[in-house]
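For reference, the structure is listed below as C-alpha cells.
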C-alpha cells in the first residue's frame, strides 16, 4: 500500500512538473501571435454569468484572497524559474516572483496588526516598520523562537530593496524615481533556498495571522 502511494505521489509530482515546464516554455510574445487586435467598444472588466469564473470583491472582506494570491503566485513563479530551461525567461520571471513574495510579507504583517487593532498608518512599504510592531506584540503574547531569524530575513529584503521598488520597476525607472537606490550589480540566486525560506516565512506568518483572527474574535 505504501509503495503504491509513493508511486502515485511520484507520478503526480511528475505531472505537476511537466505542466510547469510547459508553461515556462511560453511567453507573452508567443501567446499574442494568436490574439486579435483591439476594436472600438472593447471592455476590460466584463461581468460574467459563469459561476466558475473568479470574483473581484472590493466591497466585502477579501483579506484571504490577497495574501493567499500573492503567496501562491510567488511559489508558482519560483517553480517555473527552477524547472524551466529558458534562461531569458528565468531572469524575467524572478522579478514578479520576488515582488509577490515581498507583497505577501507586507500584506500579511499589516493584516495581523489590523486584527490586533494596531494602527498601520505611516508604516509605508518597508517591511521592518511593520515587523517592529508585530514583534512587540508576539514577544508579549506568544514568544516565538524563530523571531530573530525572521527579523534577519526581513531586514535582508529591506537592505536589498530599501525603497520597495527594486522588484517593482526596471533599473531605468528606479534610477529616475529613487536616486538613493543602491546599485548592487547582478547576483545569482539559489532558487531552492529562496523557495524554502519563503515557505518557512509563510508558515510562521500564517500561524500569527490565525492567532490574530482568534484575538480579534475574542475582542468583538
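The values are calculated or read from the model by the stated rules, or taken from the named source; none is laboratory data. Source: prediction; values computed, not measured. A quick note on method: Cβ atoms are made from the backbone with ideal geometry, for glycine too, and the neighbour counts reach across all protein chains shown.
Residue pairs whose Cβ atoms lie under 6 Å apart, sitting 6 or more positions apart in sequence or on different chains, and linking a residue in segment 152-172 that is under 13 Å from residue 98 (Cα atoms) to a partner that is part of a loop (DSSP other than H, G, I, E, B) and at pLDDT below 85, are 165/178.
Working only within segment 164-220, note down all residues that are crowded, with 16+ Cβ neighbours inside 10 Å, modelled with pLDDT under 90 and closer than 24 Å to residue 82 by Cβ. 166, 167, 168 - these are the residues of segment 164-220 that are crowded, with 16+ Cβ neighbours inside 10 Å, modelled with pLDDT under 90 and closer than 24 Å to residue 82 by Cβ. Just to be sure before I move on: is residue 137 out of contact with any strand residue (DSSP E or B) (no Cβ under 7 Å at 6 or more places or on another chain), more than 24 Å from residue 168 (Cα to Cα) and in a helix (DSSP H, G or I) in the structure I sent? Against the criterion (out of contact with any strand residue (DSSP E or B) (no Cβ under 7 Å at 6 or more places or on another chain), more than 24 Å from residue 168 (Cα to Cα) and in a helix (DSSP H, G or I)), residue 137 qualifies. Of the listed requirements (1) within 19 Å of the chain's Cα centre (by Cα); (2) part of a helix (DSSP H, G or I); (3) surrounded by fewer than 17 Cβ atoms within 10 Å (Cβ to Cβ), residue 148 misses just one: (1).
Restricting 103, 109 to those that are buried (at least 18 other Cβ atoms within 10 Å of the Cβ), in a helix (DSSP H, G or I) and in contact (Cβ under 8 Å) with a residue 60 or more places away in the chain reduces the list to 109.
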